[in-house]
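K.L.:
Okay, here's the structure, questions in a sec.
The values are calculated or read from the model by the stated rules, or taken from the named source; none is laboratory data. Because the structure is predicted, anything quoted here is derived from the model rather than measured. When we count neighbours, we look across all protein chains shown, and the Cβ atoms used for this are built from the backbone with ideal geometry, even at glycine. Just so you know, the surface numbers come from the protein's heavy atoms only, side chains and all, with ligands and any DNA or RNA stripped out. Shrake-Rupley method; radii C 1.70, N 1.55, O 1.52, S 1.80 Å.
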Amino acid sequence: QVQLVESGGGLVQPGGSLRLSCTASGSIFSFYAMGWYRQAPGKQRELVANTISGKGGSTNYADSVKGRFTISRDNAMNNVYLQMNSLKPEDTAVYFCNADLRAGVRRENYWGQGTQVTVSS
């Protein structure tokens, strides 16, 4: 069984910064992708940023966070991070870590439990 555990959410003023962390544990053979999604009240869950593994791997960002958020990986520790700078009230949401990975012989997709980010003065 694979688990994703997030940390780092909280309350921050507009213009502030937060760093989210996610650690994947369990019987993981390899990762296809890891990333962050968010869901604001009354809205659909949306991609914030992800990293695609392997040759020709890529990093993708939602237009709304480009230039402000940075995703990074620590492959040795199965971690993914999201550095969020210049936060805006519209960034308020529950942020979820996601991993597309190979566990044993199967390709599987996992979600973390979510961490609340609130941007407010």
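K.L.:
Restricting attention to the range 55-74, does a residue exist that is among the β-branched types (Val, Ile, Thr) and either open to solvent by 70 Å² or more (accessible area, probe 1.4 Å) or on the phi > 0 side of the Ramachandran plot (or both)? Spell out the reasoning first.
P.N.:
We begin by selecting, within the range 55-74, every residue among the β-branched types (Val, Ile, Thr); these are 59, 65, 70-71.
Subsequent filtering for residues that are either open to solvent by 70 Å² or more (accessible area, probe 1.4 Å) or on the phi > 0 side of the Ramachandran plot (or both) retains 59, 70.
Yes; the residues of the range 55-74 include at least one that is among the β-branched types (Val, Ile, Thr) and either open to solvent by 70 Å² or more (accessible area, probe 1.4 Å) or on the phi > 0 side of the Ramachandran plot (or both).
K.L.:
Hey, can you tell me all the residues within the range 1-56 that are basic (Lys, Arg) and under 15 Å from Thr115 (Cβ atoms)? Break it down into steps so the answer makes sense when it comes.
P.N.:
First pass over the range 1-56, keeping only residues basic (Lys, Arg): 19, 38, 43, 45, 55.
The answer is Arg19, Arg38, Arg45.
K.L.:
Name the single residue, out of those in the range 104-121 being touching a helix residue (DSSP H, G or I) at 6+ places or on another chain (Cβ under 7 Å) and crowded, with 16+ Cβ neighbours inside 10 Å, that is nearest to Ala49 (Cα to Cα). Spell out how you get there, then give the answer.
P.N.:
First, pick out the residues of the range 104-121 that are touching a helix residue (DSSP H, G or I) at 6+ places or on another chain (Cβ under 7 Å): 117, 119-120.
From what is left, the residues that are crowded, with 16+ Cβ neighbours inside 10 Å are 117, 119.
Details: Val117: 15, Val119: 19 Å.
Here the residue is Val117.
K.L.:
How many residues does the range 2-30 contain that are part of a loop (DSSP other than H, G, I, E, B) and out of contact with any helix residue (DSSP H, G or I) (no Cβ under 9 Å at 6 or more places or on another chain)?
P.N.:
So the first thing to find is which residues in the range 2-30 are part of a loop (DSSP other than H, G, I, E, B), and the list is 2, 8-9, 13-17, 26-29.
From what's left, out of contact with any helix residue (DSSP H, G or I) (no Cβ under 9 Å at 6 or more places or on another chain): 2, 8-9, 13, 15-17, 26-29.
So the answer is 11.
K.L.:
Return the only residue of Leu20, Leu101, Leu47, Leu87 being open to solvent by less than 40 Å² (accessible area, probe 1.4 Å), aliphatic (A, V, I, L, M) and within 13 Å of the chain's Cα centre (by Cα). First the steps, then the outcome.
P.N.:
Working: Leu101 fails: within 13 Å of the chain's Cα centre (by Cα); Leu47 fails: open to solvent by less than 40 Å² (accessible area, probe 1.4 Å); Leu87 fails: within 13 Å of the chain's Cα centre (by Cα).
Going through Leu20, Leu101, Leu47, Leu87 in turn, just one is open to solvent by less than 40 Å² (accessible area, probe 1.4 Å), aliphatic (A, V, I, L, M) and within 13 Å of the chain's Cα centre (by Cα): Leu20.
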